[in-house]
Amino acid sequence: MLDRKDLLGLEGVGREEILEILDTAKGFVDIPQRTVKKVPALRGFTVVNAFYESSTRTRTSFEIAAKRLSADTINFAASSSSVSKGETLLDTAKNLMAMAPDCIILRHQLSGAAHFLSTQVTCHVVNAGDGTHEHPTQGLLDAFTIREKKGAFEGLKVTIVGDILHSRVARSNIHGLSTLGANVTLCAPPTLIPVAVERLGVRVEHSLDRAVAGADVVMALRVQKERMEGGYFPSPQEYFELYGLTNARMKGADRECIVMHPGPMNRGLEIASEVADGPRSVILEQVSNGVAVRMAVLYLLVVGRKTRETAD
Amino acid sequence: MKLLIKNGRVVDPVQGIDDTLDLLVEDGRIARMGERLAEKGAEVLDCVGLVVCPGFIDMHVHLREPGYEYKETILTGTRAAVAGGFTAVACMPNTDPPCDNEAVVRFILKKAQEAGYARVLPVGCVTKGRRGAELAELGSMAASGAVAFSDDGSCVFNPILMRRALEYSRGLQRPILQHAEDPALFSNGQVHEGLVSTRLGLKGIPSACESSVAGRDIELAALTGGGLHLCHLSTAASMDHIRRAKAAGLAVTCEATPHHLLLTEEAVGAYDTRMKVNPPLRTEADRRALLAAVVDGTVDCIATDHAPHHPDEKEIEFGLAAFGMVGLETAVPAMLDLLVKSKLVPMSRFVELFAANPARILGLPSGTLKKDAEADITILSLKHSTAVAPDKFHTMGRNTPFQGRRFAGRVERTLVAGHTCYAAGKAPEPRPR
């Protein structure tokens, strides 16, 4: 059983724990098809969405997930809260705790913010993306989507292309997919590959053609223009030329290869529309699966633990 | 007033002494050293089983006053110094206002005099306002008591300015203490650039950020003949540069800190802000290279880079937390444990690292127990150990990376000008005015 207070990252999360989350999510996938899109699992629990960084997709996904579990949800965004008046994360955390939430979902622009929060509050903390560190629920929904399409992870060839350096999604996927037994290849110009990343058990390849050859899954990552203060590549044109996913570049991949992207996409930079909207693309399925996976995480953390505490 | 320090193992590398001897202190100075001394009317301090050393000098501390008295004051910092076995500390000028003119130098000396604990050796800024644009009035600061110049916290990066600083300070016979760091390579770095920065998603500070400037400055020292001292070096590559400079006969010196000698990037764990320091904790290979350089003499001295911060500046997101660690009250036992207990260096080399060499670098007459020297004395026990308990610190800073650790070795007593300012287990006491 997933027996932890928080989900801060996929580093150190075991194979059994990940599979339990994926299995639980499987049970939630069909809820949107029901007339009443709700289960009472988290009735009476309060989930706070604390978003210090703008996000549409992730915040909405978590909110829908919590609501479909019948939790009471509260959202606050940095711009509309006391954060803009200079309150520290520590003070905000203490104030939130005074209102006794069961779970805080934190999105923050600084790496480690979720770890910090988790040491300061007694409720559950789910990391919804911290700086360039991790985004564990994205890693889980990616794993879920891959399993739906491919069945198993052992020996699967997964290639992640793009701005690995600034990507929290890449880090979560590296940990998650490696733990599940997939062979992960990273592909980017050397300026966008973090130092010593091979020591996390992945292969690094600077040629897109070689990286894509025989791949079962190709995941494109967004070029994070907002974090590019240093000039990591000469021009968007050259980047697209060398690392943009096009139908032509995808030719070397396995015939059944799927294409993923965590969004939001820069069309024409890391991915061509013909690929993003093409038959291999599972990008919108990722989004749908995101809700089910986040329901599973909330359910297992909040209810799973409470149930066991009562049983004890 | 006479004090007879009897039966201690006296270690004074400047005189080549490591022997059981007695030491007579008279009117704050060393009057005599010898076997079985007797002196009428002298207070006797029995030091059997203890090591009697010239007073230790920490040539790199941040006392924070003026301007940051909520972090530390000259009073609390010098109390911490004597409690840690230091009879003198050189304080860095990154205060507010910065110590870039003689008025601030005089203010610091006056405050230190009033406090009455460790001696304070002010370090003046190299550049006005530490802005790295034009030279500060080095001459008038030297005349007022500045022992060296540094823009510590910032690097003197402009090469023509660094050249002029080395040339000009040569005329004043004062060294430049350089914080070697390329600001562009530093960027907004948080930890050493390596596996840990990759895993944690924190911006890395590459080793070359330090060593490239260290290498350049050694070339400038060769060009100018100026006195260059490189602060808190942290990388194997920097050690290679220093080794080559010394082999070439250049007047280049350097220091290493206890935290870089004991800890690596791994200590950052899950974003432990106590481990956030600049230069960052590096790799195990760097740590070993530093340690080897301490043993073989490439590193001239141990300095703490004591950097107290308020808890609010550390109990915060990693990216917002302040860089720095306190060190005054842990350095001596930590290094006794690492270097002496393990027999990596003999006691005489240990005293060079903490007393003789800092005195030599700063051009001070101290660092020895020669006749007529001021009786600044540090007395150590190798039989006792020290448990690191931040709530018992005398510094206002609690940001130690060594909380809960126990080190073999203890500071027994710290004497400044012949007065006991600290005795183990007791509160520090100031010198009588």
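Observations on the structure shown:
- Packing-based order for A:66-76, A:29-39, using average beta carbon neighbours within 10 Å, highest first: A:66-76, A:29-39
- Distance distribution note for segment A:241-289: the fraction of Cα pairs above 12 angstrom is 60%.
- Whole-number percent relative contact order across segment A:189-312, with pairs defined as alpha carbons under 8 Å at least 6 apart: 26 percent
- Estimated dipole of the protein assembly as shown in Debye, rounded to 20 [Cβ of Lys and Arg +1, of Asp and Glu -1, Cα centre]: 700 debye
- Between A:Glu256 and A:Val195, the FRET efficiency estimated from the beta carbon spacing at R0 = 30 angstrom works out to 0.30.
- Between 0 and 90°, nearest 10: helix B:74-83 axis offset from chain B longest Cα axis: 60 degrees
- Hits among lysines - C-alpha to C-alpha of A:Lys94 under 23 Å, sequence gap 8 or more where chains match: A:Lys5, A:Lys85, A:Lys306, B:Lys314
- For segment B:55-362, relative contact order (Cα pairs under 8 Å, six or more residues apart, normalised by length) works out to 16 percent.
- Which listed pairs, of B:Lys6/B:Lys40; B:Lys343/B:Lys370; B:Lys203/B:Lys246, have C-alpha distances above 25 Å, in listed order: B:Lys343/B:Lys370; B:Lys203/B:Lys246
- Candidates B:Phe86, B:Ile17, B:Ala267 compared by Cα position along the dipole of chain B: farthest toward the positive end lies B:Ile17, with charges placed on Cβ.
- Viscosity 1.567 mPa s, temperature 4 °C, Stokes-Einstein D of the protein assembly as shown from Kirkwood C-alpha radius, µm²/s: 45 µm²/s
- Test item: A:106-118 mean partner chain Cβ contacts at 10 Å: 5
- Under 10 Å, Cβ to Cβ, from B:Gly139 - net charge with Lys/Arg +1 and Asp/Glu -1: -1
- Projecting the Cα atoms of A:His124, A:Leu7, A:Pro189 onto the dipole axis of chain A, where Lys and Arg carry +1 and Asp and Glu carry -1 at the beta carbon, places A:His124 farthest toward the positive end.
- Taking Cα centre as origin and charging only the Cβ of basic (Lys, Arg, +1) and acidic (Asp, Glu, -1) residues, the dipole magnitude of chain A rounds to 600 debye.
- Centre-to-centre separation between the Cα atoms of segment B:188-224 and those of segment A:1-21: 36 Å.
- The mean count of C-beta atoms from other chains within 10 Å of the C-beta of residues in A:130-137, rounded to a whole number, is 4.
- Segment B:55-362 - charge dipole about Cα centre, Lys and Arg +1 at Cβ, Asp and Glu -1, debye rounded to 20: 640 debye
- Solvent-accessible surface of protein heavy atoms, probed at 1.4 angstrom with all chains present, puts A:Leu110, A:Leu192 in the order A:Leu110, A:Leu192, largest first.
- Remark: segment A:267-280, residue by residue, has Karplus-estimated 3J(HN,Hα) of 5, x, 10, 9, 8, 7, 4, 4, 8, 4, 9, x, x, 6 Hz, where x stands for each Gly or Pro and the curve is 6.51 cos²θ - 1.76 cosθ + 1.60 at θ = phi - 60°.
- Unit Cα scatterers, Debye sum, segment A:150-221: log10 I(q)/I(0) for q = 0.14, 0.15, 0.19, 0.20 Å⁻¹: -0.35, -0.41, -0.67, -0.74
- Between helix B:208-224 and chain B: long-axis angle, C-alpha atoms, 0 to 90°, nearest 10: 70 degrees
- Spacing of the two label points (7 Å from each Cα toward its C-beta) at A:Lys150 and B:Glu284, in nm: 3.3 nm
- Dipole-positive endmost among B:His62, B:Cys254, B:Leu161 within segment B:55-362 (Cβ charges, Cα centre): B:Cys254
- 15 Å beta-carbon shell around B:Thr20, net charge (K/R +1, D/E -1): -3
- Amide H contacts of A:Leu245 (H built 1.01 Å from N, under 5 Å, at least 5 apart or other chain): A:Ile271, A:Ala272
- Taking the C-alpha atoms only, the angle from helix B:236-247 to the longest principal axis of chain B is near 60 degrees.
- Test item: B:319-332 mean partner chain Cβ contacts at 10 Å: 1
- Our note on the geometry: Cα centres of segment B:137-167 and segment B:29-82, 28 Å apart.
- For segment B:55-362, diffusion coefficient by Stokes-Einstein and Kirkwood Rh (Cα), 20 °C, 1.002 mPa s, µm²/s: 112 µm²/s
- A straight Cα-to-Cα reach below 25 Å connects B:Lys110 with the lysines B:Lys71, B:Lys128, residues fewer than 8 places away in its own chain not being considered.
- With 30 Å² as the minimum drop in accessible area between chain alone and full protein complex (1.4 Å probe), the qualifying residues in segment B:248-275 are B:Tyr271.
- For chain A, relative contact order (Cα pairs under 8 Å, six or more residues apart, normalised by length) works out to 21 percent.
The values are calculated or read from the model by the stated rules, or taken from the named source; none is laboratory data. Since this is a predicted model, take the numbers as computed values, not measurements. Cβ sites come from the backbone with ideal geometry, for glycine too, and all protein chains shown count toward neighbours. For the accessible areas, the whole protein counts, side chains as well, though only heavy atoms, and no ligand, DNA or RNA atoms are used. Shrake-Rupley method; radii C 1.70, N 1.55, O 1.52, S 1.80 Å.
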